[in-house]
Every structure is written in C-alpha cells, then in structure tokens.
Amino acid sequence: MKFYLVRLSDKTRRDKRLEYILKHALKDDLKVCNIYGADEFISAAESGQLQKSRILIAAEIDESGICMDVMKVLSYLNTHNEALKGSYCSVIVDGCGDLHTKDVGRRIVFSANCAGAAFPGKPLVEATGSLANFSVISKVWAVERKEAYLKSVKNLIDKLMAFRYDKDSFEHEKPQILVLHAGNRKTSNSYTLWKEVAKVIGDKADVEDISIRNGQVQDCRGCKYERCLHYGEQASCFYGGVMVEKVYPAILKADTLVVICPNYNDAISANIMALINRLTAIFITHDFSRKRIFSIVVSGYSGSDIVAQQIIGAINMNKNFILPPYFVLMATANDPGTVMDVPGIEKEIAEFAEKIV
C-alpha cells in the first residue's frame, strides 16, 4: 500500500511547528507521496489513488478553528462515499489556539470513515497552540512538551504503518459481538434497526445482548489512578454492579462492540455515556486495539452525525477500539417503528450486517 502525507493549511505558520514535527517523525526509509492542499487531494481522490492506501492527514488550523483546505476536503468526502475505500488513515491537527483541534480531528475522522477509510485506535494527535494538552504525557515521558508532541506523532505513524483491517486480523474467526443498549426494546427505533441487522447476521456471529436501563450503571466518580488500576487488574471496579457482573466480562470476550445509541438532545444517552466512562478501569489494564466498534444511531429530527462523532471520540479515539469503514448506520425517524419506512433502509441494513461479519 502506498503511503500518502496530506498537508492541509491556509497559510504557512510562522514557527513552522508542524513542518518540524513531520520532518523529524518520518523515517528516512519511508517512501512518502506528498499531497499539498485540498485541490491536489481531490484530484488524487478523483483518480482513485487514495483507495487502498495508507494516509496521514496533517492539518493546521488558526485560532478560529477554520481552515478552508480542511473544509474543501470534508465537503468532498461527505459527497463521495468511496473516495477512501480500503484505505487506512490517521490524523494530526496542529492549532494556534487552545480550542477546536479535537473537534476538527473528529470531523475529519468521521467524514473519512463515511468515505470508506478504517482507523486504528487512537488515530488522532492534536497539538494546541500552547501544547498544554501534552502537559501530562510530557511528565510521564520526562521530556519537554514539544518532544512529547514529536514522540506522539512518531508513534502514530508507526501504528498506521503496522495497521491491518482484514479477516485475518480479527481476534476470532467467527465474530464475537457484544450489543449494548439502554432503550425500550418495543419502542426504540434504534433497537428496531438492530433487530433487523441481527436477522441478517443470523448464525454468522455469536451475539450477546445487554440492556442497561433505569440507572443500572452508576457513572464514574473519578477514582485516583492507583485505585482504578488496582480494580482494573481484577477486571473489576470500586462501584461494582452490572458493569462488573456483566459488561466487563462481555467486553473482554468480544471482538466487536455494537452500541445502540439513539440521539438524546444531540448527545449520547446518559446510560451509554456512563457505561463508556466506566470502561476506564479495564481499559488501563487490557488491550482493546484489536476490538472493533460499530454503532446504530437514530435521530427523531436530525443530528445523527453529531452523536456518531461523539462515539468516535469516546470509543475509537479514547478507548482505542478500531474504527471499521462505514462504522455507523444512521437514520432519521420519530414515531416508534417508522424507521423501517425510511427509503432504502432494508438495503442499508443488509450492507451494515455484512460489514460487521
């Protein structure tokens, strides 16, 4: 697979920080195909060059968080759903201020994923203007913040070059799927979609279904790292409950997580968010880098993309799960059962089931 470095920037930064980082992070023996700017990116995508490739997107943004190069690339990816088919991607976002870097990175990952790209876990390195976001890791590594930034990019490139997403890279020959949801099985449009997906999957996978309704999951209270580590080593948590009894064992067993996530006030529901927060105990003691995340998101009005991006941020970027191509099935439906009236939904269900297995 060819390796493409995509540089997106409206103007040259005075300190040329990202240029310095890339120069020292890219190994001399790595053959790099450079793409400068949105127009060159679109031209390469139009010719099919960016399919079945490894792509590192490096974007620079100003204090406003706006970069026209990035906007043009997002516009193209959002309207060409096979532009990056079969490709593996990672992202760097270098900012002038202390805001917007993660938001821009998450939007790039979402749009590229909808265009067919797969991402390893933790696929984003973001650098705020002050590099304050490297304050903790720089202490852990006993280096200056800029050196921590450089080391993080080196690790990102190594991970991207080693990443594979094919059947031989899965943990089990027959997918072990864990489905997590917190809605009403009878009235939830999101769960209705999952039931239809499950019918198509049939016996091609082993499926465990866990519901966490009615406040069953107590949210994380932010224990000290040492206490969290102690319990995590025992696949447990100080607060116990359904997380320890059911969810932790199921997460560790599964190679595929499917989160059923209706849009609640343009956000992940409280129960699902509490569950994600409580995964920290076993995340710090177990490797999730070979597990995959899929999701089903239904909005009553609009905003499924916002929720999907939150899932990317929480589970792919934070908890290190692989983001498979086209990881989310999204739909808009309000009254119970009407999701099955969405035009073309049966075809989308069949295609989504095939991606999972």
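Can you list residues whose amide H is under 5 Å from VAL258's amide H, if they're 5+ apart or on another chain and H is modeled 1.01 Å from N?
LEU178, VAL179, LEU180, PHE294
Exposure proxy check: SER304, SER75 ranked by fewest other beta carbons within 10 Å?
SER75, SER304
If packing is taken as the mean number of other Cβ atoms within 10 Å per residue, what is the order of 293-301, 346-354, highest first?
Ranked from most to least packed, the peptides come out as 293-301, 346-354.
Once the piece of chain linking THR285 and ASP39 is laid out straight, how much longer is it, given 0.36 nm per residue of separation minus the C-alpha distance between them?
Full extension from THR285 to ASP39 adds 84.2 nm.
Roughly what angle does helix 345-356 make with the longest principal axis of the chain, taking Cα atoms, 0 to 90 degrees, to the nearest 10?
70
Students often get this wrong, so check it: of LYS102/LYS291; LYS23/LYS319; LYS16/LYS159; LYS159/LYS355; LYS154/LYS204, which have C-alpha atoms separated by over 32 Å?
Beyond 32 Å: LYS154/LYS204.
With a cut-off of 8 Å between alpha carbons and a minimum separation of six or more residues, what is the relative contact order of the chain in percent?
16
Using unit Cβ charges (K, R positive; D, E negative) and no other charged atoms, how large, in debye to the nearest 20, is the dipole of the chain about its Cα centre?
Its charge dipole is roughly 760 debye.
Does segment 1-98 come out rounded, prolate or oblate, given a ≥ b ≥ c as the square roots of the eigenvalues of its C-alpha gyration tensor, rounded meaning a/c under 1.5 and, failing that, prolate meaning a/b above b/c?
It comes out oblate by the Cα gyration axes.
Given a cut-off of under 8 Å on Cα pairs at least six residues apart, what relative contact order in percent is computed for segment 33-127?
Value for segment 33-127: 32 percent.
Nearest 10 degrees, 0 to 90: what angle lies between the long axis of helix 145-162 and the longest principal axis of the chain (Cα atoms)?
Roughly 60 degrees between the two axes.
List, in order, the whole-Hz ³J(HN,Hα) value for each residue of segment 36-41 obtained from phi through the Karplus relation with A = 6.51, B = -1.76, C = 1.60 and θ = phi - 60°; use x for Gly and Pro.
Residue by residue, segment 36-41 yields 10, x, 5, 5, 5, 4 Hz.
Hey, in the GNM for the chain with a 10 angstrom Cα cutoff, which one of LEU279, LEU30, LEU77 fluctuates hardest?
Taking springs between Cα atoms under 10 Å, the residue moving most is LEU30.
Would you look at the GNM of the chain, springs on alpha carbons closer than 10 Å, and say which of ILE66, ILE282, ILE315 moves the most?
Evaluated over the chain, the most mobile residue of the options is ILE66.
For a quick check, take a GNM of the chain with Cα springs below 10 Å and name the residue from ALA142, ALA83, ALA198 with the largest mean-square fluctuation.
ALA142
What is the extension gain from LYS2 to VAL242, computed as 0.36 nm multiplied by their sequence separation minus the C-alpha to C-alpha distance, in nm to one decimal?
The span from LYS2 to VAL242 would gain 81.8 nm if fully extended.
Taking the Cα atoms of the chain, report the difference between the largest and smallest coordinate on each principal axis, in whole Å and largest first.
Between the extreme Cα coordinates on each principal axis of the chain lie 57, 50, 39 Å.
Only the coordinates and a few stated rules stand behind these numbers; no lab work does. In this text the structure is predicted, and so the values were computed from the model without any measurement. Ideal geometry is used to build each Cβ from the backbone, glycine not excepted, and the neighbour counts take in all protein chains shown.
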